[in-house]
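Below is one structure, written out as structure tokens; comments come after it.
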Amino acid sequence: MVVEQLEPILDRLIEVFDLRVCHGKGDLSRYGVPDQAPPSYQAAFFAHHGIRGALLPVGDTFLEVIAPLRPDVSAARYLQRRGEGGYMVITEVDDLQRWRDRAAAQAVRIAGAVDYPTYQELQLDPRDVGASILSFSMQRVGRPFDGGWFPAGEAWQERAAPGWQGIVCARLSSTDPEGLAGRWSNVLDRPLMADRGVPRIDLDEGTIEFQRINGPARLSGIDLAGASFGPSLARACEAERTADGQGIRIAGLEFREGST
């Protein structure tokens, strides 16, 4: 999520979903995360992009919330164009070069890249894939998919809140969901399927769904699986309930209950 002010949204996410901050960018000591200076290579990245942020474990997945520090950075420009809400779908892969080659073959531009000693990331331009940045991330230590996640810190498991299994679906919205789904299917090299007329792409873990809206294309919602969703729905105020009362809307992002 990208938001105007970090702390008010973190406080509300913690209050409603009973989540905990595990790591991030900037002083998060009020959330029980010690304020430590990042490595020099990471500090340079933060300074260039002008953001601060925090990660909250949801099962063994993560919800990241960022806020711009300056009006001249991409996160601030995003807020000016579209307002608060989802901005990036982040996946974990075991071979980043495959996706770099595939993006080049389809003339998809690279919006950003991270190259740390322990972590690499490739971000595809939303102008080419549509609706959201699509990020491929790879751990450079341990084994692929062993639970390590550099952006979340070394002890994120200790901060994982009970009652959650994970983020199981990202929902992208567009005036042309079929066309958007086709582009994502090509980039991800995954077959396009449909569930009751709603296009979807199944990943190894989780799903991406494509919905129709009248408005700018964007990452409009995520589904959370776990026994804690019911209590979270009860804690959400009426102003945050969706029209059918089954979802929660916070800072432009719609949270719904999912299943594994």
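The values are calculated or read from the model by the stated rules, or taken from the named source; none is laboratory data. Owing to the predicted nature of the structure, the values given are computational and were not obtained by experimental measurement. As a convention, Cβ positions derive from the backbone with ideal geometry for all residues, glycine included, and neighbour counts pool all protein chains shown. For accessibility, only protein heavy atoms count, side chains too; no ligands or nucleic acids. Shrake-Rupley method; radii C 1.70, N 1.55, O 1.52, S 1.80 Å.
Summarising the label geometry, the points placed 7 Å from Cα in the beta-carbon direction at Arg235 and Asp95 lie 4.2 nm from one another.
Computed over the alpha carbons of segment 1-61, Rg followed by Dmax gives 12.1, 35 Å. The Cα trace of segment 62-165 gives Rg and Dmax of 15.2, 43 Å, the first to one decimal, the second as a whole number. With the whole protein complex present, Glu238 retains an accessible surface near 140 Å², based on a 1.4 Å probe. Diffusion of segment 1-115 by Stokes-Einstein, at 37 °C in a medium of 0.692 mPa s and with Rh set to the Kirkwood radius over alpha-carbon pairs, works out to 208 µm²/s. Please list log₁₀ I(q)/I(0) at q = 0.09, 0.12, 0.16 Å⁻¹ for the chain, using the Debye equation with identical point scatterers on the alpha-carbon positions. One equal scatterer on each Cα of the chain leads to -0.38, -0.71, -1.40.
Using a probe of 1.4 Å on the protein chains alone, the accessible area found for Arg190 is around 80 Å². If the Kirkwood radius is taken over C-alpha pairs of segment 123-219, then at 10 °C and 1.306 mPa s the Stokes-Einstein diffusion coefficient equals 105 µm²/s.
Residues of the chain: accessible area per residue at 1.4 Å, in Å²?
Roughly 48 Å² per residue, with all protein chains present.
Looking at the chain, the DSSP beta bridges with both ends there are about 70 percent antiparallel. Here segment 141-218 has 48 percent of its accessible surface on carbon and sulfur atoms, given a 1.4 Å probe and all protein chains in place.
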